[in-house]
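Written below as structure tokens is the structure these notes are about.
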Amino acid sequence: MRITILLVLLYFLNFSSCKQNQLHLNKIEGKRIEINNTITENANIEAYIKPYRKHIQNDLDSIIAYASNTYTKSDGDFNTALGNFMADAVYQEANPIFKSRTGKEIDMVLLNHGGIRSILSKGNISKRTAFELMPFENSIVVVALKKPEIDSLVLYLSKSKKAHPISQLKLTLNKKFEVIDAKIKGKNITNKTYYVATNDYLYNGGDNMRFFKTNDSLYVLNYKIRNALIDNFIKNDTINPIRDDRFTQIN
């Protein structure tokens, strides 16, 4: 790893002094310092951080749940067991928070397929597992969308041909990838406001999900997706998600 340190000399114009001198920038020098294994660690610094590192490692490796099988984000064309778990976990953990603050309920959840960064391996689950699945600092936000934006969201999913994790939304496509059925919480989409939970990355246009920007209001829960996963792991103890019919294609 190389770090380039640029030493910039600041100059001051119209510097007032007894002689009314002015200082001008006339030279810039840079020096590259290579960081490699020839640099020894500082014993005092290492001794200082060692107990903190040990505490963090112990916390991350503490067992909080168990996975009944190994789950990946590639085990289905339109929905996956792992993606379903993550979207459902966000709904289950964020909805009570949203309801307590607003008196309203989250109608659906949309995450992104690319945001899943690891598999969920069979066996013990630790907090470290959640960091591997979601290493980003993405937080949950709830966006109020009207029917035109929901229609754009549904169209986006039908054209993306990816298993973007969804919860409380059910989509059925035909062989031409056209939407033949779309329901939120089992009901047809109507001309009303829907509260969609997602993450701040997607809200800001990530993965070209631009439909979020045209909205009635935004609710920031200050709750990271990773923390929602950890809380859900702890509550459920045994994780056994499945692929289902929430997003399917009829050939």
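Below is a table of values for the structure above.
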{"item": "Surrounding net charge for residue 121, when Lys and Arg each add one and Asp and Glu each subtract one, Cβ distance under 12 Å", "result": "+1"}
{"item": "Extension gain, residue 242 back to residue 128 (0.36 nm per residue minus Cα-Cα distance, nm)", "result": "38.8 nm"}
{"item": "Cα centroid separation - region 186-251 against region 65-133, whole Å", "result": "9 Å"}
{"item": "Residue-count net charge about residue 247 - beta-carbon cut-off 12 Å; Lys, Arg +1, Asp, Glu -1", "result": "+2"}
{"item": "Interchain or long-range residues, amide H under 5 Å from residue 119's placed H", "result": "none"}
{"item": "Listed residue (227, 238, 194) projecting farthest to the positive dipole end of the chain, Cβ model", "result": "194"}
{"item": "Identified option (computed Rg and Dmax of the Cα atoms in Å; candidates (1) 25.0, 87; (2) 17.2, 53; (3) 17.9, 55)", "result": "(1)"}
{"item": "Environment charge at residue 158 (Cβ cut-off 10 Å; Lys +1, Arg +1, Asp -1, Glu -1)", "result": "+2"}
{"item": "Gain upon complete extension [residue 175, residue 208; 0.36 nm per residue less C-alpha separation]", "result": "9.5 nm"}
{"item": "Residues with amide H under 5 Å from that of residue 189, placed H, sequence gap 5 or more", "result": "184"}
{"item": "Subset of 175/213; 122/161; 161/213 violating a 24 Å alpha-carbon distance limit", "result": "175/213; 122/161"}
{"item": "Peptides 43-53, 216-226, 179-189, 90-100 ordered by average Cβ neighbours within 10 Å, highest first", "result": "90-100, 216-226, 179-189, 43-53"}
{"item": "Segment residue 234-residue 34, length gained on full extension (0.36 nm per residue, minus Cα span)", "result": "67.6 nm"}
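Here, each number is a calculation from the coordinates, and none is a lab measurement. Keep in mind that this is a model prediction, so the values were computed, not measured. Cβ atoms come from the backbone with ideal geometry, glycine included; neighbour counts cover every protein chain shown.
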